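Report on one structure; see the data block that follows.
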2 protein chains.
Amino acid sequence: MYKIAVCGCGVVGSGVCDALIHQREKLSRRFAREVGLAYVLDIRDLKGTPYEPYKTDSLETILSDPETEVVVITIGGLDLAADYCFRALKAGKHVVTSNKAVVAAHGPELERLAFSKNHRFMYEASVGGGIPIIRPLNICLYANDITEIQGILNGTTNYMLTGMFRRHASFDEMLARAQRKGYAEADPTADVDGFDAARKIAILSSIAYGGFVDYRKVPCRGIRDVALVDHELADKAGFAIKLIAGSRFEGGKVFISVEPKLVPRGHLLSDVNSVYNAILTKGNYTGDSLFYGQGAGKEATASAVVGDIVELLEAPAVASLPEFVDKEAEIARDERPARYYIRFTSLRPVPAGALIDLFGDDTLCLYSKVEKDPWEDIDVDVTGGVITPACTPEELEAKVPGLNPLGATLKLILKVLD
Amino acid sequence: MYKIAVCGCGVVGSGVCDALIHQREKLSRRFAREVGLAYVLDIRDLKGTPYEPYKTDSLETILSDPETEVVVITIGGLDLAADYCFRALKAGKHVVTSNKAVVAAHGPELERLAFSKNHRFMYEASVGGGIPIIRPLNICLYANDITEIQGILNGTTNYMLTGMFRRHASFDEMLARAQRKGYAEADPTADVDGFDAARKIAILSSIAYGGFVDYRKVPCRGIRDVALVDHELADKAGFAIKLIAGSRFEGGKVFISVEPKLVPRGHLLSDVNSVYNAILTKGNYTGDSLFYGQGAGKEATASAVVGDIVELLEAPAVASLPEFVDKEAEIARDERPARYYIRFTSLRPVPAGALIDLFGDDTLCLYSKVEKDPWEDIDVDVTGGVITPACTPEELEAKVPGLNPLGATLKLILKVLD
């Protein structure tokens, strides 16, 4: 029997177990041999669950069974999960994981170790949940020189941003809602501050550009500063606000960032809403390609893990190591001109003419409501915004202080996706 | 050296040659061996082209070279291309093709022959041009029970339909334009009448549902009857018109068709414009997934061919045959209720109330312009349309003759995509 072990029976792990139990016959028929779940390792006792018959307390039991071919690591966190990956590979097992922290931190070593053992380390589920993207980048699109990746890679923040706009809700309201629905953790930092998306774009960029991108070097900015009024102003101008994890490869350097950006309506990423994810790639042969689907969740992520297992059954060894294993990417700051969205407040409306004088002829001026003092019904604050013509970060920095003499106080700057 | 031969140096074939020449170093580095173009077989003499050094006139030369590992078949048509595929596989070579006619007609035999030789028959390029879809369906999404595929699979017709709407052009104008741009053949039947899309949805459905779908059994209707006025009426009601190649798997049966449909704006397929293609899959684990990109063209299709070659280098043999090789799919007519768009003409406007009485309370009535006689400035024809509530084909058939007593002449019926 081709035995599969699952370590970590949480949301994703239990989804993998369910899929393996449900599709046992389909898998076994395809490969003309018995393929199925054999072990579930978890600290909980799993009594009364469908996984109880497979329960084990010891990784050693799994690794010492010569019929165990694949070890699935769906444990969260970094250190224990990484340790399990290394141990399983050293014991001569294939490893499949959904843990992006492990891949982002230890991908090259784990790839090298697997290759040296003539086994495979696979992680389709680590980026984009159920969306096939690792394999398409690594194989299907390999003929291309990939020049750009733009992604909506975090379902939690996309759910929150979509909800702020649709429900006219505040950041805090949507965070509470995401937590109630199980989309956000009690400590939402990894999602809300962009660290999760940073790991994912680092993984994709490493594969696409052939140099390892250290996720700790990805300039990363979350969505905490984005207010409902920003959605309203952006919408007036024909934009949606999305947390964009993007990278570009030019002159041997990787320009990469995670930050909320204004996305023009009509752009392929502008209609990716709620918990859905999407990845847009640009290649010299294929032009724009888009991969869209559920970016998280038990079933979608389990689908990606089982897809890796199918691939392992098809091809238990590979001929090449990814290029990023031996090469570190050079990361540089993006100084290309871009358009910027700027929000400010003032005591009275700033004349559009003055804003155009400051930022340039093609400046788009957006005005929002006047805040009233709820007790005295007097105007206390005017919120305004502009979208600047394309300028470099340096030019922008030189112009922004010009808001002060106009009586305006800077509140937020976001880049516009080009 | 890992030698690759390309048979048929037309649009796609020359693109494959270009990619292999351009990416020779990248491929050779990845696989730590020389990987490159060795032969180009074509009836033209290729003098003065970059392919001249590789030119051969004989398939035998290619097949008898033991270093030739992969034979790429980019010949059009059916019989010669199929013959070359069979001969190359029999000679113990891998075969990669972009020829959907061969795959749709001989897929099972060619898969079986390749498997028996411990070699591979690959055809990612046969559907969706540069979009990875065959491998994602066959591997990445295999955990799913796929229940539905909806695709825009023909770039020529999508270019024409998009152009009719955007340029207010007639079918004939857009056909001429597509021919001038090289998007449509001199004989446009295969594209315009839906036969190309039928082959593609037959291929995808065979893989997704595990039973061979004979493309000749796919109910197939092209876009010749779709007039500019249909785009205008559909747009008023919030729909775009697209040639939809779709299938559904239910109760062991495949419900499949190629036909122009009204797609609601906001649906993932409604914004797929011009020569772009997209495939939407529904699975029980992943829900909706969308794959979008250039569906045709030299570079995009070449990318898919080279992707197959990369896969071959990674995994020169596979453990399983696709299920459709041994099983024919049962194709059935779709009798589910759907909404329908109906266009008619009349001498004077038909009262909306009468149309609602005929088709049901939720009927949407759409009126178009009145045609004037250009010489006498009198009204000669009124074009009108409705979108019916959901009804079965049988119910629809019973209601449509009711147009006659209202003085209306039926012109066109299209289904609305649900």
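All of B:Leu233, B:Leu161, B:Leu243 fail the test of being touching a strand residue (DSSP E or B) at 6+ places or on another chain (Cβ under 8 Å), within 26 Å of B:Val386 (Cβ to Cβ) and not in a helix (DSSP H, G or I), apart from B:Leu243.
Residues are listed down the side, and each one gets a yes or a no for (1) under 17 Å from the mean Cα position of the chain (by Cα); (2) crowded, with 19+ Cβ neighbours inside 10 Å:
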position	(1), (2)
B:Val275	yes, yes
B:Asn284	no, no
B:Asp288	no, no
B:Tyr292	yes, yes
B:Glu299	no, yes
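Selection of segment A:337-352 for residues being modelled with pLDDT under 95 and either under 30 Å from A:Ser247 (Cα atoms) or surrounded by fewer than 13 Cβ atoms within 10 Å (Cβ to Cβ) (or both) yields A:Leu347, A:Arg348, A:Pro351.
Scanning segment A:353-378 for residues that are of a type in the set (Asp, Glu) and surrounded by 13 or more Cβ atoms within 10 Å (Cβ to Cβ), which turns out modelled with the lowest pLDDT? Among residues in segment A:353-378 that are of a type in the set (Asp, Glu) and surrounded by 13 or more Cβ atoms within 10 Å (Cβ to Cβ), the one modelled with the lowest pLDDT is A:Glu371.
Only residues that are surrounded by fewer than 22 Cβ atoms within 10 Å (Cβ to Cβ) and in contact with a strand residue (DSSP E or B) (Cβ under 8 Å, 6 or more places away or on another chain): list them for segment A:173-201, please. Outline the logic, then answer.
Taking segment A:173-201 and keeping what is surrounded by fewer than 22 Cβ atoms within 10 Å (Cβ to Cβ), we get A:173, A:176-177, A:179-182, A:185-190, A:193, A:195.
Result: A:Asp193, A:Phe195.
For segment B:1-105, the strands (runs of 3 or more DSSP E) that sit wholly inside it and include 1 or more residues that are among the acidic types (Asp, Glu) and out of contact with any Asp or Glu (no Cβ under 9 Å at 6 or more places or on another chain) are B:68-73.
Based on what the data block shows, is A:Thr392 crowded, with 16+ Cβ neighbours inside 10 Å, outside the structural domain of A:Ser98 (by TED's automatic domain parsing) and polar (S, T, N, Q)?
On the way: crowded, with 16+ Cβ neighbours inside 10 Å: no; outside the structural domain of A:Ser98 (by TED's automatic domain parsing): yes; polar (S, T, N, Q): yes.
Answer is no for this residue.
Within segment A:104-144, restricting attention to residues that are on the phi > 0 side of the Ramachandran plot and buried (at least 24 other Cβ atoms within 10 Å of the Cβ), the residue that is modelled with the highest pLDDT is A:Gly128.
Across segment B:379-406, which residue is nearest to B:Ala237 (Cα to Cα) among those that are in contact with a Lys or Arg (Cβ under 7 Å, 6 or more places away or on another chain) and modelled with pLDDT of 95 or more? So, considering only residues that are in contact with a Lys or Arg (Cβ under 7 Å, 6 or more places away or on another chain) and modelled with pLDDT of 95 or more, the one nearest to B:Ala237 (Cα to Cα) is B:Ile387. For segment A:114-149, the candidate set comprises residues that are at the interface with chain B (Cβ under 10 Å from one of its Cβ atoms) and of a type in the set (Asp, Glu); within that set, the residue that is nearest to B:Asp308 (Cα to Cα) is A:Asp145.
Which of the strands (runs of 3 or more DSSP E) contained wholly in segment B:260-347 include at least 1 residues that are in contact (Cβ under 8 Å) with a residue 60 or more places away in the chain, at the interface with chain A (Cβ under 8 Å from one of its Cβ atoms) and closer than 29 Å to B:Tyr142 by Cβ? Give the derivation first.
Numbers: elements: B:276-283, B:287-294, B:330-332, B:340-346.
In segment B:260-347, B:276-283, B:287-294 are the strands (runs of 3 or more DSSP E) which contain 1 or more residues that are in contact (Cβ under 8 Å) with a residue 60 or more places away in the chain, at the interface with chain A (Cβ under 8 Å from one of its Cβ atoms) and closer than 29 Å to B:Tyr142 by Cβ.
The values are calculated or read from the model by the stated rules, or taken from the named source; none is laboratory data. For clarity, every value in this text was computed on a predicted model and none was experimentally measured. Glycine also receives a Cβ, built like all others from the backbone with ideal geometry; neighbour counts cover every protein chain displayed.
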